[in-house]
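Accompanying notes for the structure given below.
The values are calculated or read from the model by the stated rules, or taken from the named source; none is laboratory data. Keep in mind that what you see is a predicted model, and the values were worked out from it rather than measured. FYI the Cβ positions are ideal-geometry reconstructions off the backbone, even for glycines, and counts take in every protein chain you see.
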């Protein structure tokens, strides 16, 4: 309670600053709404981080009036060397002194110019472990005759996946191997780049594969359900009808986000679980509703229109039918949510691209390894250039 009052006092006194990082990552149609809301609030100090172009566009529209514009400059070689020294052990691993020494001695060298921004500095920090020899990077720079900053950056990006998926001494081995991760992320990155997006929304993945196999699978499942329920004559017709209904909703489900009216910051996995729970609840209510409605009506008819012996025989058949109605409703609830459609698409991609069949689990594992990140309900590559690099290296299929 005391801590809560202290926080409220800080807010009331204007001692809290709000930092919005990545304005350019917000969709273009939402930027004016976001900036207008920030301009109108007068509770907290606001710091907005974005590229210069986005901020210039915001200023032209009259947003953030009275704001102070600060432009970040490149990281100097000495500052970069000091940073790389601070983030390492003391004494530093092999080659680090040679790297930091070169940055200080040769400020105009390609490596010094490349390590002039936070992206490349963090790539060096994160992809060279304490047991790695950083002189490998220096040898690469020396081996290429006219090495460019882009060459060095690509070399660092190529180390991201090995650093993320190589087993660490004493730690459990990664769930996915390096080559499996490289292949899967390469195909994902290539498809995202083809679609012109940095956002990986799992509910849109069915658009990556033909709907035909999913429709056929749905029809077969319901046809078998009708046959097992003692209605083989209805199996073909019922399966075809429900397959057509599934086809009508397949494209709609792949274009709309589950719970699109809900603006809560759900993670991709949270949204997945909620969609599964919703489908199960709908199926359960449908099955129970059909069972209870038909059961009550059928029981009343049997009681009024038949004798006790005949009613008992028909009642057994009625109960059997009601049980299958409940099963039908549950299967319906499992097959018709978006998660089912996406799971079937995962299976299609696994056959075509040899990606993990449980692709969402793989994506979440990649997030835990800092290859991906989550922005609300979507995944993104932690570095946009990493997506471009993997997309360029992927084998087209």
Practice problem: Select from the stretch 364-391 the residues that are without any contact (Cβ under 8 Å) to a residue 24 or more places away in the chain and part of a helix (DSSP H, G or I) and write down the one among them that is surrounded by the fewest Cβ atoms within 10 Å (Cβ to Cβ). | Solution: 368
Self-check item: Options 126, 142, 133: the member that is outside the structural domain of residue 381 (by TED's automatic domain parsing), closer than 21 Å to residue 371 by Cα and surrounded by fewer than 18 Cβ atoms within 10 Å (Cβ to Cβ)
Solution: 126
Quiz item: From the set of residues in the stretch 106-132 that are more than 26 Å from residue 71 (Cα to Cα) and out of contact with any helix residue (DSSP H, G or I) (no Cβ under 9 Å at 6 or more places or on another chain), which is modelled with the highest pLDDT?
Solution: 131
Exercise. Count, please, the residues in the stretch 138-149 that happen to be in contact with a helix residue (DSSP H, G or I) (Cβ under 7 Å, 6 or more places away or on another chain) and part of a helix (DSSP H, G or I).
Key: 4
Quiz item: If the Cβ limit is 8 Å and pairs must be 6+ apart or interchain, which residue in the stretch 269-281 that is not assigned by TED's automatic domain parsing to the domain that holds residue 377 pairs with which residue that is outside any helix (DSSP H, G or I) and crowded, with 17+ Cβ neighbours inside 10 Å?
Solution: none
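Name the single residue, out of those in the stretch 367-378 being touching a strand residue (DSSP E or B) at 6+ places or on another chain (Cβ under 8 Å) and modelled with pLDDT under 95, that is nearest to residue 122 (Cα to Cα).
Within the stretch 367-378, the subset touching a strand residue (DSSP E or B) at 6+ places or on another chain (Cβ under 8 Å) is 367, 371-374, 378.
Narrowing the set further to residues that are modelled with pLDDT under 95 leaves 373-374, 378.
Working: 373: 15, 374: 19, 378: 23 Å.
In this case the residue turns out to be 373.
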Quiz item: Any idea which of (1) surrounded by 10 or more Cβ atoms within 10 Å (Cβ to Cβ); (2) at pLDDT 70 or above; (3) over 27 Å from the mean Cα position of the chain (by Cα); (4) on the phi > 0 side of the Ramachandran plot is the one residue 12 doesn't satisfy?
Solution: (4)
Quiz item: Looking at the stretch 159-196, which of its residues are closer than 20 Å to residue 130 by Cβ and in a loop (DSSP other than H, G, I, E, B)?
Solution: 159, 166, 167, 168, 169, 170, 171, 172, 173, 174
Quiz item: Residue check, residue 364 against (1) under 19 Å from residue 155 (Cα atoms); (2) at pLDDT 95 or above, all met but one. Which one?
Solution: (1)
